[in-house]
C-alpha cells in the first residue's frame, strides 16, 4: 500500500516536545505543565497485559452472520428498531446498546452518517463493519457493497475494552472557533483497537488566538521641583511598571558647601549608562553666577522582540504560543540645576517618561492529526490516515507607545543672578511588538510511549523512513508579529518576529517519562 515519507526526524520533533513534558503528573503521566492537563491518575493509563490478552481473545469469527449482529441503516429507527436486518436502528449509540456478549457485531449499511463513532463499552469487545447494502435494495445486507462514512464535528473514539472497525471511513470536519485541534480518531483502551480497510481523515485545525494590541497608556514624566530657599528642589520620581522607574536629579543647595551646590544626575531603573547630565555648581559667592544647568535625560532605548519558538503541547495539540514583547525602557530623568555657594537653591530635574507596554503574544495554531494513540494496542491493516491543514498562528499584538518626560525648570529670576535651571526628562521607549504564534502541525499519528502501534502486523516505535498509508496536509503558517511602539528620538521599538510554520510529520512519538 502507499507509504508516505516523513517530513522530519522523529527525534527532532520529540526533542521539541520534551521541554513541555516535565511537570504535570496526570493523564498520560508527566505530560504537561499548564492548563489543559486532564485529571486521570497516571496509574490508570499503563497497558494491562492481561486485559490486552482478554480483548484479543474475542476474534472476528463471522461478521456477516446476521444472527450475531445488530443492524444499522439511515432509514432505521431508534424508537421502533430492534436491530434485526428487517428492522434496523439509526444511530450507533442505539446499536451498541442492543449488543450483548452473544451479539457483539454491528453491521452498518452504506451511506453517510452525521454521527460520532464511539466504542466505549467496558465489558465486551465490539466489531463495527460498514459497507453493507441497505434494506430495500436488491443487495440488502450484502457485504462490501459500498462506502460507509461517519462524519462528525467531534473526535471519533475507541476506548475502554477496545474494538474492531472494518470497511468504513471516519471523517472529522474542520475545527471551528479558535485554539481547537482537529483529531479524527483517538484510541485509549486497556486492550486493543483494530482498524481493517479503514480510512481516517482529519479536517483543518483552527487558528491560534490573535493578540490584542497593548492599550495601557504609559505614565508621563513629572516636572522638576522648585527649590525652597537655599535648599535645592527634591528629586522627582515616576514609578512605571514594577521594577521600572525614572527620577530627576535633586537640585543643588547653597549651604556653603560646594559639593552640595552641585545638582544630581537623573536616573532610571533598570539603569543604563548615561551621560553626566547633572548641573555643575559654581564656586563664586553671592552675585557671582558660575553654575551650570542640568541636562536633559536620555530617551529610553528601543525594546527588543523575543525570537520565535517551535514546540507542540501534547495536552491540547496546540503549537507554541509566541512570547510577549519586552516593555520599553523608561526615559532617564533630567539633571538637577547647580548653584553657587551663597546663592539660592536650584530646581530639581524632571523625571523621564515610562516605557510602553510590550505587545502581547499570538497564540499557537491548532494541529490537525489523523490519529492519536494514547493507551493500548492499535493495529492497522490496509488503513489510510490523512491529516488536514494546521491552523495559522495568531498574530502578535502591537507594543504601546512610550510617554514623554517632564519639564525641567528655568532658573528663578528674583532681581539678580540666581541658580541654574534643571533638565527635562527623557522620552520613554515604546514596547516591542508581540511575536506571532507558531502555525499548527499536520501529523499522521501521535503515539504516546505507553501505547503500542502495529502496522500490517509489525510493531512501529518511531517515525521511520516508510510509514503506513499516511498522507499529510499542509503545516499551518506562523502568525504575523506585532508592530513596535513608537516614542522618543530613537524611533520605534522592534517589531515582533513572525511565528514559525508548523511541522509535518508522519508519526510523532511522545515520551511519558
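Descriptive notes on the structure:
- For residue 428, the stated conditions hold: it is within 30 Å of residue 361 (Cα to Cα), part of a loop (DSSP other than H, G, I, E, B) and at pLDDT below 95.
- Subset of region 224-259 that is in contact with a strand residue (DSSP E or B) (Cβ under 6 Å, 6 or more places away or on another chain) and buried (at least 24 other Cβ atoms within 10 Å of the Cβ) - its residue that is modelled with the lowest pLDDT: 253
- Residues that are crowded, with 18+ Cβ neighbours inside 10 Å and more than 17 Å from residue 68 (Cα to Cα) within region 117-134 comprise 117, 118, 119, 131, 133, 134, listed in sequence order.
- Listed conditions (1) surrounded by 24 or more Cβ atoms within 10 Å (Cβ to Cβ); (2) modelled with pLDDT of 95 or more are all met by residue 386, apart from (1).
- Pairs are defined by a Cβ separation below 8 Å, a sequence spacing of at least 6 or placement on different chains, a first member in region 220-244 that is on the phi > 0 side of the Ramachandran plot and in contact (Cβ under 8 Å) with a residue 40 or more places away in the chain, and a second member that is crowded, with 19+ Cβ neighbours inside 10 Å and assigned to a loop (DSSP other than H, G, I, E, B); the pairs so defined are 229/344; 229/345.
- Hey, residue 158 in contact with a strand residue (DSSP E or B) (Cβ under 7 Å, 6 or more places away or on another chain) and either closer than 21 Å to residue 69 by Cβ or surrounded by fewer than 19 Cβ atoms within 10 Å (Cβ to Cβ) (or both) or not: yes
- Residues that are within 20 Å of residue 372 (Cβ to Cβ) and either in contact (Cβ under 8 Å) with a residue 60 or more places away in the chain or part of a loop (DSSP other than H, G, I, E, B) (or both) within region 122-154 comprise 153, 154, listed in sequence order.
- Identity of the residue in region 97-116, within 39 Å of the chain's Cα centre (by Cα) and assigned to a strand (DSSP E or B), that ends up surrounded by the fewest Cβ atoms within 10 Å (Cβ to Cβ): 112
- Whichever residue in region 61-96 is modelled with pLDDT of 95 or more and in a helix (DSSP H, G or I) and, among such residues, is surrounded by the fewest Cβ atoms within 10 Å (Cβ to Cβ): 93
- Single match in 388, 336 (criterion: within 21 Å of the chain's Cα centre (by Cα) and touching a residue at least 40 places away in the same chain (Cβ under 8 Å)): 388
- Residue match in region 359-376 (condition: part of a loop (DSSP other than H, G, I, E, B), in contact (Cβ under 8 Å) with a residue 12 or more places away in the chain, more than 18 Å from the chain's Cα centre (by Cα) and surrounded by 24 or more Cβ atoms within 10 Å (Cβ to Cβ)): no
- Residues of region 120-146 satisfying the condition of being under 17 Å from residue 171 (Cβ atoms) and at pLDDT 90 or above: 128, 130, 131
- Condition met for residue 175 (out of contact with any helix residue (DSSP H, G or I) (no Cβ under 7 Å at 6 or more places or on another chain) and surrounded by 20 or more Cβ atoms within 10 Å (Cβ to Cβ)): yes
- Residues in region 438-456 that are within 28 Å of the chain's Cα centre (by Cα) and either farther than 30 Å from residue 494 by Cβ or surrounded by fewer than 24 Cβ atoms within 10 Å (Cβ to Cβ) (or both): 10 in all.
- Of all residues making up region 73-97, the number that are in contact with a helix residue (DSSP H, G or I) (Cβ under 6 Å, 6 or more places away or on another chain) and without any contact (Cβ under 8 Å) to a residue 40 or more places away in the chain: 3
- Among the conditions (1) crowded, with 22+ Cβ neighbours inside 10 Å; (2) over 40 Å from the mean Cα position of the chain (by Cα); (3) at pLDDT 90 or above, the only one that residue 435 does not satisfy is (2).
- Residue within region 313-333 that is more than 12 Å from the chain's Cα centre (by Cα), outside any loop (DSSP other than H, G, I, E, B) and either closer than 30 Å to residue 452 by Cβ or modelled with pLDDT of 95 or more (or both) present: no
The values are calculated or read from the model by the stated rules, or taken from the named source; none is laboratory data. Quantities reported herein were computed from a predicted structural model and do not represent experimental measurements. Every residue, glycine as well, gets a Cβ built from its backbone with ideal geometry; the counts of neighbours run over all protein chains shown.
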